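Notes follow the structure.
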Amino acid sequence: MNVREAPQVPDVFDPRQYAAGVPYAAYRVLRDHHPVVWQDEPEVLGWPAGPGFWAVTRHADVVRVLRDSAAYSSHLGATQIRDPDPADLPFIRRMMLNQDPPQHGRLRRLVSRAFTPGRIDRFTSVARERARDLLAAALRDARAQDGTVDLVAAVTDDYALLNLADLLGVPDSDRGLLLHWTQRVIGYQDPDEAGAPVLDAAGKPVNPRSPAMLRDMFDYAQRLAAHKRRHPADDVLTTLAHETELADAELEMFFFLLTVAGNDTVRSAAPGGLLALAEHPEAYASLRAGRSELPTAVDELLRWHPPVLTFRRTATEDTELAGRRIRAGDKVVVFHASANRDERAFDAPDHLDLSRAPNPHISFGDGPHICLGAHFARLQLRVLYEEASRALPVLRTTGPAVRLTSNFINGIKSLVVRVS
């Protein structure tokens, strides 16, 4: 089939379609016929129109973009599809996520000192006890009512939140703030999560990552860091608070990144994995019987339901990708969920195979920005799925999952299952 006969380019930008499900059929059309293609960026949900971007959907091309920070910058326009307000850009660039080497490497080395394998592994027993307690309470409530339970509300939201709060060292009384901030930043495209957007004097929505919208989180981070300097403990924020090379503004940005990304990675992946197991009872039976190795199963469930759908880069120079000419300054958006289903990288990618190996999924990214907390996320997911397989002999949904309206996060807001 030549270019003139290729199917029409489907829209994969509109966040509203993701509330119905990830558009895998559209992704396949793009991979097969338009692997790097221009997408319009119209006004939607009250957010203004943008200039458009290049959508990158094949695995090899996505990996190339993520690894080549010299040609595809995280710093120039940050990492969200929507362009930030130019006045906010210097502020947003302070975050490690929105930096390029070598500046990115310096900050990553500093924060990695807090994410020691020993510290993470010590959370295994805590996470296991928490998973057991949450599942047991959910089962009690279900049996006392109509035999159903929402695993998101009863288990996975609290599981992700409380584990992160323990790692950071956030007091019990303040843990609800982490969920509030996560919903405000991550769920800003979803009216159910964020409510009506905050408007500026001109009536335009205010970016939830702007200085004005993050001031309360940053003030809290500074107060908590001061407390950790007086009362040190074995947690990440104590380490960061005593890091003499870390400026106050950098500490604030780390707190933002760990609070939002650290929470929502597991908060999105956990129910997505449980939904996949509910939809594939033979795979769930294999997991329960011990025929599937948990670490391998976790990676396959991450491939199947990546927590992050897209990330944006900006071309630093005129370049070429998959035969398309990209100009300096163009937005280039990689689609993780599409790359994870690319037939060029995976055998039978639309088949859930808990023994899949190798499994080069990019659910935690690739290149210099590969997720710093991937080990902690995998640990939590491994423990949760193991405990769920013990607590729930049958995993059966009562209807479709309720999904987040977002073209960034692959979120599930509700997953109701029937308890046998």
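The values are calculated or read from the model by the stated rules, or taken from the named source; none is laboratory data. None of the values given here were measured: they were computed from a predicted structure. Note that each Cβ is placed from the backbone with ideal geometry, even for glycine, and that neighbours are counted across all protein chains shown. Note: accessible area is taken over every heavy atom of the protein model, side chains too, but ligands, DNA and RNA are not part of it. Shrake-Rupley method; radii C 1.70, N 1.55, O 1.52, S 1.80 Å.
In this view, the solvent-accessible surface of I92, computed with a 1.4 Å probe and all protein chains in place, comes to about 10 Å². At 1.567 mPa s and 4 °C, plugging the Kirkwood radius over alpha-carbon pairs of the stretch 315-362 into Stokes-Einstein gives what diffusion coefficient in µm²/s? My calculation gives 100 µm²/s for D. Applying Stokes-Einstein at 20 °C and 1.002 mPa s to the Kirkwood radius of the chain, computed over alpha-carbon pairs, gives a translational diffusion coefficient of 97 µm² s⁻¹. Dividing the convex hull volume of the alpha-carbon atoms in the stretch 1-108 by its residue count gives 135 Å³ per residue. Over the C-alpha trace of the stretch 270-341, radius of gyration and Dmax come out as 18.0, 54 angstrom.
Projection of the Cα convex hull of the stretch 49-92, averaged over all directions and equal to a quarter of that hull's surface, yields 3.6 nm². In order along the stretch 33-43, the phi-based Karplus estimate (6.51 cos²θ - 1.76 cosθ + 1.60, θ = phi - 60°) of 3J(HN,Hα) comes to 10, 9, x, 10, 9, 6, 10, 6, 9, x, 4 Hz; Gly and Pro are listed as x.
Obtain the radius of gyration and the Kirkwood radius of the stretch 65-128 from its C-alpha atoms and give Rg over Rh. Over the Cα atoms of the stretch 65-128, Rg/Rh equals 1.13. Normalising the average separation of contacting C-alpha pairs (under 8 angstrom, six or more residues apart) by the number of residues puts the relative contact order of the chain at 27 percent. Per residue, the Cα convex hull of the stretch 217-358 amounts to 178 Å³. Take the chain and mark each of the GluC sites (Glu not before Pro) that is in a DSSP loop with at most 11 other Cβ atoms within 10 Å; the longest unmarked stretch, sites excluded, is 44-244.
Normalising by residue count, the stretch 303-385 has a Cα convex hull of 113 Å³ per residue.
Taking only the C-alpha atoms of the stretch 184-278, Rg followed by Dmax gives 16.7, 48 Å.
Could you run the Debye sum over the Cα atoms of the stretch 338-407, one equal point scatterer each and no solvent, and tell me log10 of I(q)/I(0) at q = 0.11, 0.16, 0.21 Å⁻¹, two decimals? The Debye formula, applied to the Cα set alone, gives -0.43, -0.93, -1.30. Here the Debye sum runs over all C-alpha atoms of the stretch 124-208 as equal scatterers in vacuum, and log10 of I(q)/I(0) at q = 0.22 Å⁻¹ comes out as -1.06.
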